[in-house]
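Below is one structure, written out as structure tokens, with a few remarks after it.
Please treat every number below as a calculation from the coordinates, not as lab data. The model shown is predicted, which means the values in this text are computed figures rather than measured ones. Cβ placement follows ideal geometry from the backbone for every residue including glycine, while neighbour counts extend to all protein chains displayed.
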């Protein structure tokens, strides 16, 4: 595999790790400052926001990467909006409905603004990836979580040192401001990119809708644990679960970052199946070493863990560790399937969500809110089995 590919992976991963650490620390502090109910509500807001980012992208980011990477020229966001404005309008209407159905007016306003800004940042990041500017793309990815974390730190500081009765809605107003600033900074990074005309719109639409629906199912499945716990239990249970699960905030971002590099490389014909196999073996080795080190640390510190962590905390941590470790390894093959066969990628994501829902509904009354982690692991296991079956039955794709 080319050195440039490793460099791209390193840049995009370093950006995601930095963003994830900041997000983790800021949310950890917020979880201690806010009540369990307020933090549970914020977590639901935060997770639904991630779903809205995907709802608004229409499957276009990956479709644009696949169709434009070989040309080496990017796209204009205005051009994309003009060509697909009807679809964008429908998606925005859905965002408005979800916002005002789920939240109070202030939170709903923040939700709408942050959703629209989020997809704008995603498109600006993709614009840079297409022209192979992974450094610029990494910075665009970093802007929002960095500024958002600073905003959360600021709110926590105000509550702890100045006004402990500060309205809990203040955090949502801060989210609006920092999101807009991040968007303006991202446009500054993309102003010198050369653009290509968006021809072949029909083919792009045909590819995009499959990716779009698949990505919606994927993000819903990734975020469903907290949302389902909030609905079937309460916001307090969701907040308690989120305090543990947020440790893994970086895992899906890392997997997604590696996938992005591979989709772009496969589209530009810079990578082949051997590169996919190569990185899979290295990720597997890296993951096994990481799990063994984690096991050793847990064994050495078991007295501290047993003193400060409940049984539920330990169960959730262990289950999610297994789920996300596997996601990191199998994610490369998801990227390959995403690039080669969008129809099966859609089937895969629908199946994973079904595995999650069925497991959750069958077991939630029996095991309590740790079912969120169990159902998530079930969705991952089902997906890995489907990938294995697919790869064995369609070996012609791997030549």
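May I ask you to order 305-314, 57-66, 357-366 by the average number of other C-beta atoms within 10 Å around their residues, highest value first?
Values: 305-314: 12.3, 57-66: 23.9, 357-366: 14.6.
Going from most to least packed, we get 57-66, 357-366, 305-314.
Sort 353, 144 so the one with the fewest other Cβ atoms within 10 Å of its own Cβ comes first.
On the way: 353 20, 144 25.
Ascending number of Cβ neighbours within 10 Å: 353, 144.
Counting other C-beta atoms within 10 Å, which of 219, 347, 322, 93 has the fewest, and how do the rest follow? Present the calculation step by step, with values, prior to reporting the outcome.
Values: 219 20, 347 17, 322 14, 93 10.
So the residues, fewest neighbours to most, are 93, 322, 347, 219.
How far is it, in nm, from the label point at residue 300 to the one at residue 280 when both lie 7 Å from their Cα along the line to the Cβ?
About 3.4 nm, to one decimal.
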